[in-house]
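We did not get these values from a lab; they are worked out from the coordinates using the rules stated. It should be emphasised that the depicted structure is a prediction, and the values quoted were computed from it without experimental measurement. Here Cβ is always computed from backbone atoms with ideal geometry, including for glycine, and neighbour counts include all displayed protein chains.
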Amino acid sequence: MIQLHQVSKVYDTNTPALVDISLKIDKGGFVFITGPSGAGKTTLLKLIFSAERPSKGEILVNGINIARIKPPLIPYFRRKIGVVFQDFMLIKRKTVYENVAFALDILGMKRKFVKRKVWQVLKWVGLLQKKDSLPPCLSGGEQQRVAIARAIINNPVLLLADEPTGNLDSALSIEIMKLFRAINARGTTVVIATHNKSMAEKFSENIIYLDRGHLKEFSHAQ
Ligand SMILES: Nc1ncnc2c1ncn2[C@@H]1O[C@H](COP(=O)(O)OP(=O)(O)OP(=O)(O)O)[C@@H](O)[C@H]1O
Ligand SMILES: [Mg+2]
């Protein structure tokens, strides 16, 4: 599903964000990326999502070499990937329903189909009763579930989440992790970046440990 071969990333600054990373994430995997602040977790997700290009190395996602992907093809590549950010990135003036429907609307899907899909996914994350609420009226955990619903509405083969529980208390964080696990059980490969090492270790045996851009360890269950 994801393969990195000797990948390095240097931003404009001289210190490299990632140094010579080689790793493989299998289809159907449930993998965490952990490490201290500045370790390169977000950078690694951005490379996989093609939001940043590697300075060196090859990255294969779904058989596509995204180190060389042509910019006009990036939106098509991303359609199969769901992303969840720490700060949710919900549109404040749109309802929960509209926030989740948005991804399908822009693909020009029929109204009736969109409605059925949105109801289904909101029900699944336990938020159907909040479908007409605006995001600022929701709790942090509810907003996070809306962001997750939006990320999975298109049945992505891969779900990337950057610190998805960074703003949540530990009980809510566990609920969100269980939701990710359920998404994984439906067949989606899930990759979650978190500085919370104990959370990662609680939920998976597949953990990528980064430290100042270096791959320290990749404990692989298989
Ligand atoms: N857009 C950018 N321009 C320049 N340097 C950057 C940029 N983004 C990240 N960096 C640098 O790259 C390194 C890795 O950053 P990254 O955001 O990937 O770390 P992280 O592990 O996600 O940290 P955190 O836990 O704080 O989110 C850091 O030294 C950071 O300062
Ligand atoms: Mg980060």
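Between Glu98 and Asn167, what FRET efficiency follows from the Cβ-Cβ distance if R0 is 35 Å, with the result rounded to 0.05?
Working: r = 22 Å, r/R0 = 0.64.
Efficiency for this residue pair is about 0.95.
Average projected area of the Cα convex hull of region 99-174, in nm²? All intermediate terms of the calculation are to be shown ahead of the outcome.
Details: hull surface 22.0 nm².
Projected area, direction-averaged: 5.5 nm².
Would you mind checking Lys24/Lys80; Lys9/Lys197; Lys131/Lys197; Lys92/Lys123 for any pair whose Cα atoms are more than 27 angstrom apart? Don't skip to the end; give the middle numbers.
On the way: Lys24/Lys80 19 Å; Lys9/Lys197 23 Å; Lys131/Lys197 34 Å; Lys92/Lys123 21 Å.
Cα-Cα > 27 Å for Lys131/Lys197; rest within.
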Compare Ala101, Ala182, Ala149 in a GNM of the chain, Cα atoms joined below 10 Å, and give the one with the largest fluctuation.
Ala182
State whether region 72-140 is rounded, prolate or oblate according to the following rule on the C-alpha gyration tensor (a ≥ b ≥ c being the square roots of its eigenvalues): a/c under 1.5 gives rounded; otherwise a/b larger than b/c gives prolate, and the remaining case gives oblate.
oblate
With the contact rule set at Cα under 8 Å and sequence spacing of 6 or more, what percent relative contact order holds for the chain?
30 percent
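Among the listed pairs Lys46/Lys216; Lys46/Lys115; Lys112/Lys178, give every one whose C-alpha distance is greater than 24 Å.
Numbers: Lys46/Lys216 19 Å; Lys46/Lys115 31 Å; Lys112/Lys178 30 Å.
Going by Cα-Cα distance, Lys46/Lys115; Lys112/Lys178 fall outside the 24 Å limit.
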Inter-label distance for Val10 and Arg181, nm, one decimal - labels placed 7 Å from Cα along Cα-to-Cβ
4.2 nm
Once you have the alpha carbon radius of gyration of the chain, what is it after dividing by 2.2 N^0.38 Å, with N set to its residue count?
1.01
Rounded to the nearest 500 deg cm²/dmol, what is the calculated helix-only ellipticity per residue at 222 nm for the chain, with -39500 (n - 2.57) per DSSP H run of length n ≥ 4?
-10000 deg cm²/dmol
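Based on Cβ point charges of +1 for Lys and Arg and -1 for Asp and Glu, what charge dipole magnitude is obtained for region 113-190 about its Cα centre, in debye rounded to the nearest 20?
Numbers: 11 positive and 6 negative charges, 109 e Å.
Dipole about the Cα centre, nearest 20: 520 debye.
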